[in-house]
1. For a test of the definition: using alpha carbon positions, the gyration tensor, and the 1.5 limit on a/c, classify the stretch 304-434 as rounded, prolate or oblate.
2. Among 192, 256, 309, flag the residue with its Cα farthest along the positive direction of the charge dipole of the chain, charges on Cβ as +1 for Lys/Arg and -1 for Asp/Glu.
3. Out of 358, 392, 405, whose Cα points farthest toward the positive end of the dipole of the stretch 325-434 (charges: +1 Lys, Arg; -1 Asp, Glu; placed on Cβ)?
4. Using the crude model of +1 on Lys and Arg Cβ and -1 on Asp and Glu Cβ, and no other charge, please compute the dipole size for the stretch 223-361 relative to its Cα centre, in debye to 20.
5. Explain nothing, just the number: relative contact order of the chain, from Cα pairs under 8 Å at least 6 residues apart, as a whole percent.
6. Would you work out what percent of the accessible area of the chain, with all protein chains in place, is carbon or sulfur (probe 1.4 Å)?
7. For residue 215, list the lysines whose Cα falls under 22 Å from its own Cα; do not include residues on the same chain fewer than 8 positions away.
8. When we measure straight from the Cα of residue 306, which lysines land under 27 angstrom away, once same-chain ones fewer than 8 places off are left out?
Amino acid sequence: MILHSYTQLPERTIQPPILPIEQIDIPEVEQYIMPNGVELHSLNMGNEDVVRLDIVVQSGKWDANRALETEFCNQILKEGAGILTSAQIAEKLDYYGAWLQTYTTQQCSYLTLYSLNKFFGETIAILEKILKEPVFPEKEFDILCRNRKQQFLVDMDKVQYLSARAFIRNIFGKNHPYGRIAELGDFDTITISDLLRYYTDNYNSRNCRVVLFGKIEKDMLKQVENCFGNSAWRNQILKVEKNFTIQSSEKGRILVSKPDALQSAICVGKQFVTKNHPDYHGLYMLNTLFGGYFGSRLMSNIREDKGYTYGIYSSMTSYLHAGSLNISTQTATEYVEPVIKEIYTEMDKLCNEQIPENELETVRNYLLGETARRFDNLFAIADAYLNLLEVNLINKDFYQQRVDVIKNITAPELGDLARKYYVKEEFYEVIAGK
């Protein structure tokens, strides 16, 4: 719920005033430790008879021994479990009007079930079987490998994909999980045994959290506990935490040759702060002004004024152990150097010229609206909560702190952040194309 500073609606014949968002009222998520030690996070909210149940395995690409095994393992779980085939699982979920999504990140693996309340007992039983009794069918594994290999070949023909790969590999190092990327040979050498080992090491009750959001009826929490929280399940060996050293490339400029490319892709960026850093919210606002939305300085200069590209954006990525800042675009080959020059020109302006108050106010209003939009429905709230949970930042005040910074940070303070973090010599330049 968004609270505003007015209590009475204006007359309909008068344009309503534009009022600032004063507060983000985030519902309190209840946390409970089930008998087997698994955390259960729940939020009873919404009017529709639907819930979202997330099984969060606290292992991701960070914990993998090789590329592909994390995402392949998580994806193949729903391709056969117990006596159910992949077709039977899909047919049952479809019959109950449910949807099961699997995805992985650097730190976690997710199984996300969307279910109608009246069929929750049936759908959670299917999810339990998928999580605890996967069969890793060879036929489906071969299909998965072929499909993903074909998609990889398609992606490798795109300069934007090539530049993004080279960027993360060079700022984190090829031996670091954040910089480890799949190669063509990995699709031919990965085996079911790799996936079984990863599953055995990571999918167990000591390494999972359960998150339930929606219109929760009285029996649902008990059903969740019966399926996932009563007794220990699977291997109970404590996971060994891994540590890695970032080994960035010594080269400041990396060229990726693609002779037949019609355009070139550019990535300019560096390692950056994470969500738990005290400067994060201020840099989030600075990045938005610089290149984080359609009205940004990079867009106004390089797209609108110079006409070098259809779009250019700057984005902040925050993992648990590190983060990155990435300015990316595509342009004609003859405009590569002018684009890079203009990127640094805009950086210099941020460092040396005070931001005009009208521009600052525009960005404030945009970001306040975007922050409020994160909480405009139940599933958006779930996504926001899981994003913080993944990096162990279970702090309901995180987004309120963002609102406070957006509303109160000054142009001189943003200038100080620019001079501290937008140091040209620290940036990498990756160019993929001719």
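The values are calculated or read from the model by the stated rules, or taken from the named source; none is laboratory data. Remember, it's a predicted structure, so these values are computed and weren't measured experimentally. As a convention, Cβ positions derive from the backbone with ideal geometry for all residues, glycine included, and neighbour counts pool all protein chains shown. Note: areas computed on protein heavy atoms with side chains; ligands, DNA, RNA excluded. Shrake-Rupley method; radii C 1.70, N 1.55, O 1.52, S 1.80 Å.
1. Prolate, because a/c is 1.5 or more and a/b exceeds b/c.
2. 192
3. Result: 392.
4. 720 debye
5. For the chain, the relative contact order is 20 percent.
6. After summing per-atom areas, the C and S share lands at 49 percent.
7. Cα-Cα hits under 22 Å: 118, 396.
8. Residue 306 reaches 158, 258, 270, 341, 349, 424, 434.
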